[in-house]
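Everything below concerns the one structure shown next.
The values are calculated or read from the model by the stated rules, or taken from the named source; none is laboratory data. For clarity, every value in this text was computed on a predicted model and none was experimentally measured. Cβ placement follows ideal geometry from the backbone for every residue including glycine, while neighbour counts extend to all protein chains displayed. Each accessible area value is taken on the protein alone, full model and side chains, heavy atoms only, with ligands, DNA and RNA left out. Shrake-Rupley method; radii C 1.70, N 1.55, O 1.52, S 1.80 Å.
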Amino acid sequence: MEGFGTLIKSVCIISASVFLINGLAAGTRFKNQMKFLLNLVFITVISTPILKGTLEFDLPDIEKYMSLEYDDSMSLYHEEMKKQTGENISAVLKQQIEAAGINCTEIETEVNISETNSISISRVTVSADNFEAAAEVIRNSLGAETEVYNGNS
């Protein structure tokens, strides 16, 4: 880790030198040559510790940062995602039912989201004036195997 600190200090000094030389040699004809030489020095300073193998990086142990709070927050996230997805599907289905001329008061959609983020609709509960017509609109949208329950009863 000490080699890394030395590398950072060297890079800062070389970068400051490049900036200073660019400012001082702005109007001279040797500007490009000075810039080229300083870039070579910069590359040498960066590559030397890497080529020697003295630069070591210690990666932190990620497992000690994993906690139950993370697991709890992920489960809350997944539950909220399921809830929001169900609400979005319900809103779209309600629009389709009302577009078909059926008065719909409420739709509740239960969804499951797998670990591969596949969404499956478990069941749909609908409260509408004409349940059979509303169920037909839902099955046409989501598939004939969709379970539709009457929310009026």
Take T48 and tell me if it is modelled with pLDDT under 75, surrounded by 10 or more Cβ atoms within 10 Å (Cβ to Cβ) and in a loop (DSSP other than H, G, I, E, B). no
Can T105 be described as of a type in the set (S, T, N, Q), closer than 18 Å to K82 by Cα and not in a helix (DSSP H, G or I)? no
Restricting attention to region 110-128, report how many residues are at pLDDT 90 or above and open to solvent by 90 Å² or more (accessible area, probe 1.4 Å). 0
Could you check, for region 51-70, whether at least one of its residues is closer than 30 Å to S120 by Cβ, modelled with pLDDT of 75 or more, under 35 Å from the mean Cα position of the chain (by Cα) and of a type in the set (F, W, Y)? no
Note down all Cβ pairs under 6 Å where the first residue falls in region 3-25 and is under 13 Å from I43 (Cα atoms), the second is in a helix (DSSP H, G or I) and open to solvent by less than 40 Å² (accessible area, probe 1.4 Å), and they're at least six residues apart or on different chains. L7/P49; S10/V45; I14/V45; V18/L38
